[in-house]
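Each reported figure results from applying straightforward, stated rules to the coordinates on display, with no laboratory input. Please read these numbers as outputs of a predicted model, since none were measured by experiment. Cβ sites come from the backbone with ideal geometry, for glycine too, and all protein chains shown count toward neighbours.
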Amino acid sequence: MKKIYMCIAVSVFALMLVLPLFAAGQKEEEGGLKFAYVCKMLTHPWFIEEDKGIKSKAEELGIDYVGVDANLDDEACMQAVDNVIGQGADALMIVVTQQSLGPAVVDKCREAGIPVITIDDTIKDSGGNQIPHVGLPTVETGEMGGHALAKLAKKRGFFASGNVVKVMQIDMSFLSVVHDRTVGYKAALMEDLPQLKDEDFIVQDSKTGMFEENLPVASAILNAHPEVTHWIVTGINDDGAIAPLRIFEESGFPLENVLACGLGGYKMSYEEFQKPHNSYIVTKLQPFAEGEAAVQILYDYITEGKEMPAKTLVPGVIVTKDNYKDFEFSF
């Protein structure tokens, strides 16, 4: 009799392990999987392209998909999470409006029994553990841009006798996934250009990092340093590099004495390459591929029980005025 009870217990335990995968597989066969994407700013070109990648992969896998724009509003972000859970979403992809919302988002998903994966901006649960993430290699991407800027600065004689060179860095120090880019830029520039000292890096935060908000930040930095003859600009995104270029132009600062590197590579970059100056380069990223990767990871987890990797990184490539026509700018 004791052996019979033991056999029953083992069988029940095994059934408990198999049932969730069986149910997910059955739901997938019925075409019932629904994935949701809550994004902090779904009207921005970067996230629009990411959304396209999610839609493409969801369609390929037969998944119902809903995308929600939080429009940079914390309350709207949390309400969207509640709504998609209430609508029966089987998985959540999210770019939070504030990283501090992370634990609350994770708690809601765990209570609902659905997996969550972050795209672009990382979050942690209430225990301080990072949630599975898809994004760019943040520090390394900044370093890529920094090395490219340093090479051009040397080639164009930025450090000739009598020149005063400073680095303008419009940052979002409160957002780690963005701040890491700024850190990477600085590390590469200081490595390749020993003439630059710590005090030569002029860093100031922007609330959202978007173009219009970057304009007064760039203007304030430029006006505070009339002694500078040559500027190197590190962009946390395309907006962070192109907004300063507009300020330099409006102020009559010679663009031949400016080098700026954007990060992203969307329509704004393409339009900048059309202009006569040659002061701009960009680290072109792949948000479409990030969206695709997030869907695939969640799908494999739900249908096959495949463990979600802690971090999935999608790298970029340096694009210049000389080679931009070799790339697609589909934003």
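Amide H contacts for VAL233 (H built 1.01 Å from N in the peptide plane; partners 5 or more residues away or on another chain; cut-off under 5 Å): MET168, LEU259, ALA260, CYS261.
Anything over 23 Å Cα to Cα? Flag those among LYS154/LYS197; LYS151/LYS311; LYS151/LYS284, in the order listed. Over 23 Å Cα-Cα: LYS151/LYS311. Hey, how much of the P(r) for segment 89-141 falls beyond 15 Å, as a percent of Cα pairs? In whole percent, the share of Cα-Cα pairs in segment 89-141 beyond 15 Å is 43. A Cβ-based charge dipole, computed about the Cα centre of segment 102-183 with Lys and Arg at +1 and Asp and Glu at -1, lands at about 620 debye.
So how do 120-130, 278-288 stack up, highest first, on mean other-Cβ count within 10 Å?
On the way: 120-130: 15.0, 278-288: 23.9.
Order by mean packing, descending: 278-288, 120-130.
According to the square roots a ≥ b ≥ c of the eigenvalues of the Cα gyration tensor, what is the shape class of segment 138-284, taking rounded for a/c under 1.5, prolate for a/b larger than b/c otherwise, and oblate for the remainder? Display every interim value, and only then the final one.
On the way: a/c = 1.24, a/b = 1.10, b/c = 1.13.
Rounded, because the longest to shortest axis ratio a/c is under 1.5.
Note on segment 176-331: dipole from Cβ charges, positive end direction compared against LEU196, PRO315, ALA218; the farthest Cα belongs to PRO315. Amide H contacts of THR312: HIS133, VAL134, GLY135, each under 5 Å away and 5 or more positions distant or on a separate chain (H built 1.01 Å from N in the peptide plane; Pro and chain starts excluded). Each residue of segment 186-201 was assigned a 3J(HN,Hα) from its phi angle through the Karplus curve 6.51 cos²θ - 1.76 cosθ + 1.60 (θ = phi - 60°); the sequence is 4, 4, 5, 5, 5, 5, 8, 10, x, 5, 7, 10, 4, 6, 7, 9 Hz, with glycine and proline shown as x. Mind checking which aspartates and glutamates have their C-alpha under 19 Å from LYS207, skipping anything on the same chain fewer than 8 residues away? Here the aspartates and glutamates satisfying the reach criterion relative to LYS207 are ASP69, ASP73, ASP74, GLU75, ASP120, ASP121, ASP171, ASP180, ASP238, ASP239.
Of the peptides 218-225, 251-258, the ranking by mean beta-carbon count within 10 Å, highest at the top, reads 218-225, 251-258. Working from Cα pairs under 8 Å separated by at least six residues, relative contact order for segment 138-284 is 26 percent. The relative contact order of the chain, computed from alpha carbon pairs under 8 Å that lie at least 6 residues apart in sequence, is 19 percent.
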